[in-house]
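Scroll down for the structure; my scribbles are underneath it.
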Amino acid sequence: MKRTAPILALGLIILLASASVSLGQVQTWIRVIQASSEGSTIDPSLADVHHQLGSLFSFTSYQVLRSERRSLSPNQTVEIPTHSGSAIEITLLRQEKNMAELRLTVKRGGADILNTQVRLFSGRTVLIGGPRHGEGVVIFALSARF
């Protein structure tokens, strides 16, 4: 009994540490998509969201401008340059077992042009319509795993 108590205590410490690490990090994937009605090209890397894009937006062409994978910690802001002098800031506000709440802020020329919060479920993708860009708009596809 004297030998098992330290082993059980060590096992409990390891279990608690691994649980706090897994709940503290959210692996995100953000894709910045140029959507327009010029042409009918669909980027092959958008196969997983092609149906969603078509049901939510009335564009005929979708091209990925940038694709980034980032690990987010609670209340840490990550900035990703997106297109034409713009950047997106992503902040993990809170995380529960199967849901993460994120704040997205799009900045252009130092000014906020879009500020929203989203709830993401692990393995799901949320599409967010963004600002005008070229002959169309930018759409952000945000996915998470945790």
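Annotation: Gln34 fulfils all but one of (1) in contact with a His (Cβ under 7 Å, 6 or more places away or on another chain); (2) loosely packed, with under 15 Cβ neighbours inside 10 Å; the unmet one is (2).
For segment 81-94, a residue qualifies if it is surrounded by fewer than 15 Cβ atoms within 10 Å (Cβ to Cβ), touching a residue at least 24 places away in the same chain (Cβ under 8 Å) and within 19 Å of Val32 (Cα to Cα), and the qualifying residues are Ser84, Gly85. Can you name the residue in segment 103-127 that is basic (Lys, Arg) and closer than 17 Å to Gly85 by Cα and is also modelled with the highest pLDDT among such residues? The qualifying residue modelled with the highest pLDDT is Lys107. Filtering segment 34-66 to residues that are in contact with an Asp or Glu (Cβ under 6 Å, 6 or more places away or on another chain) and among the aliphatic types (A, V, I, L, M) leaves only Val64. Go through segment 70-109 and give me each residue that's among the polar types (S, T, N, Q) and in a loop (DSSP other than H, G, I, E, B). Of everything in segment 70-109, those that are among the polar types (S, T, N, Q) and in a loop (DSSP other than H, G, I, E, B) turn out to be Ser73, Asn75, Gln76, Thr82, Ser84, Asn98.
Before we move on, is Gln63 surrounded by 15 or more Cβ atoms within 10 Å (Cβ to Cβ) and either in a strand (DSSP E or B) or not β-branched (Val, Ile, Thr) (or both)? Against the criterion (surrounded by 15 or more Cβ atoms within 10 Å (Cβ to Cβ) and either in a strand (DSSP E or B) or not β-branched (Val, Ile, Thr) (or both)), Gln63 qualifies. May I ask you to list the residues in segment 98-136 that are more than 16 Å from Ile30 (Cα to Cα) and touching a residue at least 60 places away in the same chain (Cβ under 8 Å)? Of everything in segment 98-136, those that are more than 16 Å from Ile30 (Cα to Cα) and touching a residue at least 60 places away in the same chain (Cβ under 8 Å) turn out to be His133, Gly134, Glu135, Gly136. So the check is Cβ under 8 Å with 6+ separation or different chains; which pairs have a first residue in segment 58-74 that's touching a residue at least 12 places away in the same chain (Cβ under 8 Å) and a second one that's loosely packed, with under 15 Cβ neighbours inside 10 Å and acidic (Asp, Glu)? Correct list of pairs: Thr60/Glu38; Ser61/Glu38. Residue-level check: of (1) modelled with pLDDT of 55 or more; (2) in a helix (DSSP H, G or I), Val21 misses just (1).
Could you list, in sequence order, all residues of segment 35-82 that are within 19 Å of Glu135 (Cβ to Cβ) and in contact with a Phe, Trp or Tyr (Cβ under 7 Å, 6 or more places away or on another chain)? Ala35, Ser36, Ser37, Ile42, Asp43, Leu46, Leu53, listed by residue number.
The values are calculated or read from the model by the stated rules, or taken from the named source; none is laboratory data. Treat the numbers as computed from the prediction; the structure is a model and nothing was measured. Every residue, glycine among them, receives a Cβ derived from its backbone with ideal geometry; neighbour counts consider all protein chains shown.
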